[in-house]
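Laboratory data are not the source of any read-out in this text; all were calculated from the coordinates shown. Source: prediction; values computed, not measured. All Cβ positions, even for glycine, are placed from backbone atoms using ideal geometry, and neighbour counts span all protein chains on display.
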Amino acid sequence: MPDYRRRATKEAMSLRFDFHGVLLGEGGAEARLVAEINELQNRLGSAHEELSARRRAGELPFLDWVHDREGLALVKDLAEEVRQYAKTLVVVGAGGTALAAQTLVRAAPPGSVRVLFADSIDPDLLGPLLDQLDLTTTVFNVISKSGETPETLAQFLVIRDLLLRHLGGVDYTRHLVVTTDADQGALRQIVHDEGFRSVPIPPGVSDRFAALSPASFFPAAVAGIRVDEVIAGAVWMDTRCQDPDVWHNPALLLAASLYLAHTGHALQHVLFLPFCRQLEPLAQWSSELLVEAVQKSRGNSSVYPPVTWFPHSQRAADPYLMAQLLLERPNDTVAILLSAADHGRELSIAAAYQDLEAVGYLGSKGLGQMLEQSERALEALLRRHGRWHILARWPAVNPFTLGQWVHALEVTTLYLAHLFQVELWAQPAADACRRLLYGALGRKGFEAQGDEVASLVAVRRKEWVL
């Protein structure tokens, strides 16, 4: 394990944000954005001071849970206990909390325990996943911050019944670990009643900002990920983001660039493009964090700094599709390229067919090297056409760099919420949809919403249904 107490080690493994793609103008001159950022300095300073004041007041506990050594010890002890008898951990949950867990687990090397994610109520997905499991060596980690997420509760009821039928009422409880609010919610009541082991989510830690909390650290620790290194990375990035000067604070400069891109340059979309399989869930988490926290109405006007999410399967595999997506459309997108110098392994390309020019030049290179050059080619194309892009350079994808990115994006999101003047925690559209779902499913107290669903989706003119 590297000694991340040494500054030289931290510097060598620092995540770097390269803003040349938004700050460099034609002929090597400064782009207009440089002056715009300088003009925004007062508001940026206010955003930084507000964040600092709220942290001192204890209003943003999700930024500081990494310093809770006692809470972390409890998570690690429970994870080690599960590792003694489980061969598979299935993380059950939907939305931000479950995605935050995937961010750490899927973007790090696998451990001795296989970790799967049941993040959909589609029976054609959940059914085959359950069918393949040896329940005697499987533990299910049910995650819901509120303890009342209908999709997660439905999955829990299916899984609980399955365990009861196959393992009996005595043994089944050791195959369930519930991660939920420390004090309230239906799942917390069930934990008290049934005696399930539990990972409490502290007050003030929401699902979207749970990537550096027990909700993510428990499955990560079960998977064998060095959680202490994740925390060390987050603390290191926190140190780098303490400077109120935008030109020395990566999160503040990222927030300023995205804010001005939208408000001053009509760039409506932010597109995360990971050039590494391990970074794909991290890119998805990043886009959803920005969407859910910032994209919402404000007063009488709608403020939309939208984030467009690009499908996993077409991430690093097809740079030509990315080029088509970004260039053969209006200039309305900021691309954030996630690039890793070290992919964890390399596969050499054998030198052969030297007489065939279209083949021979590939020899003696590596697939990781080729992937890196694909990113550089796309970056050069974007720069040639003056398309805005920011490059996040990862020296390697490991727990330390993961912690850096997560903390940087959380702080960036807080800055953006201040700049756009939106209520960070409000999710009016999501809440409205949830109430309609309650009504459609017949939950008591939501009868009016059930009637509304039935009325709004009723077929009125059969000739319009072909």
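Overview of values
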| quantity | calculated |
| --- | --- |
| Answer label for Rg and Dmax of the Cα atoms in Å (calculated), chosen among [x] 23.7, 76; [y] 21.4, 70; [z] 23.5, 72 | [x] |
| Cα-based shape type of the range 166-219, given that a ≥ b ≥ c are square roots of the gyration tensor eigenvalues and the cut on a/c is 1.5 | oblate |
| Prolate/oblate/rounded call for the range 73-214, Cα gyration tensor, a/c under 1.5 rounded | rounded |
| Between helix 96-105 and the chain: long-axis angle, C-alpha atoms, 0 to 90°, nearest 10 | 70 |
| Rounded FRET efficiency, nearest 0.05, which uses the C-beta distance separating Leu164 from Ala323 and R0 of 60 Å | 0.70 |
| With at most 11 neighbouring Cβ atoms within 10 Å, loop trypsin sites (Lys or Arg not before Pro) (DSSP) excluded, longest segment of the chain | 7-344 |
| Gln184-Lys462 pseudo-label distance in nm [points 7 Å out on the Cα-to-Cβ vector] | 5.0 |
| Extension gain, Arg376 back to Tyr353 (0.36 nm per residue minus Cα-Cα distance, nm) | 5.7 nm |
| Per-residue [θ]222 nm for the chain (sum of -39500 (n - 2.57) over DSSP H runs n ≥ 4, rounded to 500) | -15500 deg cm²/dmol |
| Residue order, fewest to most beta carbons within 10 Å, for Phe275, Phe217 | Phe275, Phe217 |
